[in-house]
Amino acid sequence: MFNRYADITGNGLWYNNIGFVQLLGLCPLLAVSSTVVNGLGLGLATTMVLLASNMSVSAIRHLVRQEIRIPAFMLIIASFVTAIDLAMNAWLYDLHKVLGIFIPLIVTNCAILGRAEAFASRTSIDRAALDGLMMGIGFTIVLVLLGGLRESLGQGTLFANAHLMFGAFAESWKIVLIDDYRGFLLAILPPGAFIGLGLMIVVKNIIDDKVAKPSVMLATDGLTSADSH
Amino acid sequence: MLFTHMIRTAAVLGIFALISTWLVAITFDATKEPIAASEKRALLRNLHQLIPPVMHDNDLFTDTITVNDPVHLGIDMPLRVFRARKNKQPIAVAMESVAPDGYSGNIFLLIAIRYDGSVLGVRVSKHKETPGLGDAIEIERSDWVTGFNGKSLSTTHDKAWQVEKDGGEFDQFTGATITPRAIVKAVHKALLYYQQHRDSLYIDSNKQER
């Protein structure tokens, strides 16, 4: 048990990553990950909601009866999302316009209710906070990687529109990988998101296999297939 | 026993609803002004791309009227008209307009028209057209929309207000005809509307209200 914090961190970032392993919240993940900046924006907004909702859910876990826990969690999550939606509209107006409907739709990201119900409502505030933060960062990493993949293949750039998020001085962050790139439409459209995510999961599983093989070569077969459901 | 249990549970949920509502309410209150300011800044930035600040000396943002003419503008929606004046003389208007027949829904436009009825510039403010194809209507992606600059009903007769494919004089772009077709149509409609209503569009809104 003394290893819990490290476990929570590892789970959020890698072993139980929302995007790679749990495959939750795919709707915003696939829709918004067309560029690095869009992915980062949605990822950070989701992280803030996860952190705030996990902490609140954990704080009230002794007050809420079983029968009403889901509506109470939904109320908490929905109000945090609304607050963050309003705040982004006020202070990150252009990015908010780009992300559009996907900020309010964070409410429907089942990963958030999932963490509240499966983890935060059963543990102390500090652990719930760490879990929310790490799950959020894990999700953000997937969004940014997928955004980078799709942006570089689709438009031949990286970090385009960074000024929407970081202010005017970030306009020069844009990297043009290939001059006069004609664009690769498939990567920008939704199928490109599915294919890209699939490829990334393949890479993750290959890495996991490589790591797992030396130690538990014989036992893995039965265990991993049971784990994955 | 069951009844008190129910009441207590409901009360807890009610308290949560109150706290959540309060949280949303204070956020709404705190962000109300920044949001309005951001919206105004973004709109002014778009307006000033079309009507440069040197051309006028009034406040574009407040000198507006709202028109709604589904028959001639093709959409049943209140649209704002920003009027630019210099020394009280009318210079140009920037009209909000909507092309309702884009490839995926409405395309929101801002169309600036000089007093004499020629196009000063067109910008797409919001659209859902296909990325990589239809989004060439954005000024950030291609200079297609600048093709309208200087055009008017006298330089381009009614039949020529179409894309080249339909026999008009405006480019379509490879792979997307529906999107440019919708915009050409909307700009044409706006010019026709302007021609018919020019004088009433510049009327001082205060006078109009009285």
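The values are calculated or read from the model by the stated rules, or taken from the named source; none is laboratory data. The shown structure was predicted, so the numbers you read here are calculated from the model rather than taken from an experiment. Neighbour counts run over all protein chains shown; Cβ positions are idealised from the backbone, glycine included.
You will find that of B:F82, B:F28, B:F3, the residue that is surrounded by fewer than 16 Cβ atoms within 10 Å (Cβ to Cβ) and away from every other protein chain (no Cβ under 14 Å) is B:F3 and no other. The condition (being among the acidic types (D, E), loosely packed, with under 13 Cβ neighbours inside 10 Å, more than 14 Å from chain A (Cβ to nearest Cβ) and farther than 29 Å from A:L92 by Cα) is satisfied by just one residue among B:D76, B:D101, B:D69: B:D76. Based on this model, can you work out whether B:A136 counts as within 14 Å of chain A (Cβ to nearest Cβ) and either hydrophobic (A, V, I, L, M, F, W, C) or in contact with a Ser or Thr (Cβ under 8 Å, 6 or more places away or on another chain) (or both)? For B:A136, the condition - within 14 Å of chain A (Cβ to nearest Cβ) and either hydrophobic (A, V, I, L, M, F, W, C) or in contact with a Ser or Thr (Cβ under 8 Å, 6 or more places away or on another chain) (or both) - is met.
Residue-by-condition table, conditions (1) among the aliphatic types (A, V, I, L, M); (2) under 22 Å from B:L23 (Cα atoms); (3) free of Cβ contacts under 8 Å to residues at least 12 places away in the same chain; (4) within 14 Å of another protein chain (Cβ to nearest Cβ):
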residue: A:A90; (1), (2), (3), (4): yes, yes, yes, yes
residue: A:I103; (1), (2), (3), (4): yes, yes, no, yes
residue: A:I106; (1), (2), (3), (4): yes, yes, no, no
residue: A:G114; (1), (2), (3), (4): no, no, no, no
residue: A:R127; (1), (2), (3), (4): no, no, no, no
residue: A:G132; (1), (2), (3), (4): no, yes, no, no
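For segment A:49-56, state whether one or more residues are within 16 Å of the chain's Cα centre (by Cα), at pLDDT below 85 and either among the hydrophobic types (A, V, I, L, M, F, W, C) or at positive phi (or both). Within segment A:49-56, none of the residues are within 16 Å of the chain's Cα centre (by Cα), at pLDDT below 85 and either among the hydrophobic types (A, V, I, L, M, F, W, C) or at positive phi (or both). Looking at B:I111, is it assigned to a strand (DSSP E or B), more than 14 Å from chain A (Cβ to nearest Cβ) and within 18 Å of B:R45 (Cα to Cα)? Against the criterion (assigned to a strand (DSSP E or B), more than 14 Å from chain A (Cβ to nearest Cβ) and within 18 Å of B:R45 (Cα to Cα)), B:I111 qualifies. When B:A17, B:A37 are screened for being assigned to a helix (DSSP H, G or I), touching a Leu at 6+ places or on another chain (Cβ under 9 Å), within 14 Å of chain A (Cβ to nearest Cβ) and exposed (fewer than 15 other Cβ atoms within 10 Å of the Cβ), only B:A17 passes. Tallying residues that are at pLDDT below 80, aromatic (F, W, Y) and not in a helix (DSSP H, G or I) within segment A:154-183 yields 1. When we screen A:L143, A:L86 for residues that are surrounded by 18 or more Cβ atoms within 10 Å (Cβ to Cβ), at pLDDT 90 or above and within 11 Å of another protein chain (Cβ to nearest Cβ), the only hit is A:L86.
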